[in-house]
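What follows is a set of notes on a single structure, which appears directly below.
The values are calculated or read from the model by the stated rules, or taken from the named source; none is laboratory data. Everything numeric here is computed off the predicted structure, so don't read it as measured data. Please note: Cβ atoms are built from the backbone with ideal geometry, for glycine as well, and neighbour counts cover all protein chains shown.
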Amino acid sequence: MDWDSEFFGARIARIEGGHLSDATIDRVLQWRSDHQAACLYFLCASDDDESVRVAERNQFHLVDIRMELSWRVRKVEDDSAGDARLCQRSDLPQLQQIASGSYELSRFYFDRRFTRTQASAFYREWITKSCDGSADAVFVLPLQDLIAGFITCHRESPEQGRIGLVGVSENARGAGAGRALIKTAQRYFFDQGAKEVFVVTQGRNIAAQRLYQANGFRTHSMRLWYHRWFK
């Protein structure tokens, strides 16, 4: 995991696939030792009890339930998107500030080996990279002279899209900004010809799940994020 390793200053790797067994965990731990990884991420299939048992027996810590939702693209008639527009470089300081306080239910805040300062900085860097081109589009919702929130959109294939980050400023929460941003992304993907759009949130983030569901998204999958540190 090049970005994670560089950002957090520790060699971090991820176990491929969603399954572990007593046989495979030995190979995983040997690889970890050979490559001197300080931390392993493991995204576990939630319906595989054996993988859960192997992970927990080997000191992996559950840090998140990964909820993925999907939406079958259709024309959105609702005009609640408001005045959302594509981001400008001058918006970035406000977007970074919003990102610093928008993801406290994510796994990086629930892994105590990462400080809250590190986790907040990670999301500031994430939105910066999104604005610099890692996202295909970043939309912002102006609120007078400020930014109420942002949403990042990614085209994974001609027919598939993904919402990356959604952030709403603290003073705009509960006022419909999240709904407006999602409607903006839905219109974008419709115009791009996508057939299906995916988004990920946390199992503990009930408010986000309800927001997506209210806008036509349905649960697609659930998996378990485990971390294990060795140093």
key: Failed criterion for A194 (all others in (1) surrounded by 16 or more Cβ atoms within 10 Å (Cβ to Cβ); (2) under 29 Å from G17 (Cα atoms); (3) free of Cβ contacts under 8 Å to residues at least 40 places away in the same chain hold)   = (3)
query = If we scan the range 136-143, do we find a residue that is surrounded by fewer than 21 Cβ atoms within 10 Å (Cβ to Cβ), assigned by TED's automatic domain parsing to the domain that holds Q202 and closer than 30 Å to L40 by Cα?
reply = yes
request  = Please determine, by comparing only the residues of the range 203-231 that are over 17 Å from the mean Cα position of the chain (by Cα) and outside any helix (DSSP H, G or I), which one is farthest from G18 (Cα to Cα).
outcome  = N215
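Test Y212 against the stated conditions and say whether it is crowded, with 21+ Cβ neighbours inside 10 Å and touching a Leu at 6+ places or on another chain (Cβ under 7 Å).
Numbers: crowded, with 21+ Cβ neighbours inside 10 Å: yes; touching a Leu at 6+ places or on another chain (Cβ under 7 Å): yes.
So Y212 fits the description; yes.
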request  = Please indicate, with yes or no, whether at least one residue in the range 52-65 is touching a residue at least 40 places away in the same chain (Cβ under 8 Å), outside the structural domain of R112 (by TED's automatic domain parsing), farther than 21 Å from R223 by Cβ and in a loop (DSSP other than H, G, I, E, B).
outcome  = no
ask   = Which of (1) touching a residue at least 40 places away in the same chain (Cβ under 8 Å); (2) among the charged types (D, E, K, R); (3) surrounded by fewer than 16 Cβ atoms within 10 Å (Cβ to Cβ) is the odd one out, the single condition E104 does not satisfy?
value = (1)
inquiry  = Name the single residue that is surrounded by the fewest Cβ atoms within 10 Å (Cβ to Cβ) among those in the range 1-60 being in contact with a helix residue (DSSP H, G or I) (Cβ under 9 Å, 6 or more places away or on another chain) and β-branched (V, I, T).
reply    = T24
request  = Look at A45 and say whether it is under 17 Å from R223 (Cβ atoms) and of a type in the set (G, A, S).
outcome  = yes
Looking only at the range 183-202, and only at residues there that are closer than 18 Å to G161 by Cβ and assigned to a strand (DSSP E or B), the one that is farthest from the chain's Cα centre (by Cα) = E196
remark   = The condition from (1) over 17 Å from the mean Cα position of the chain (by Cα); (2) part of a strand (DSSP E or B); (3) hydrophobic (A, V, I, L, M, F, W, C) that A180 misses is numbered (2)
ask   = Are there any pairs with C-beta distances below 8 angstrom linking a residue in the range 111-135 that is closer than 17 Å to W229 by Cβ to a residue that is of a type in the set (S, T, N, Q) and modelled with pLDDT of 95 or more, with the two at least 6 apart or on different chains, and if so which?
value = A119/S106
ask   = Does T128 meet the test of being at pLDDT 95 or above, in contact with a Leu (Cβ under 7 Å, 6 or more places away or on another chain) and surrounded by fewer than 20 Cβ atoms within 10 Å (Cβ to Cβ)?
value = yes
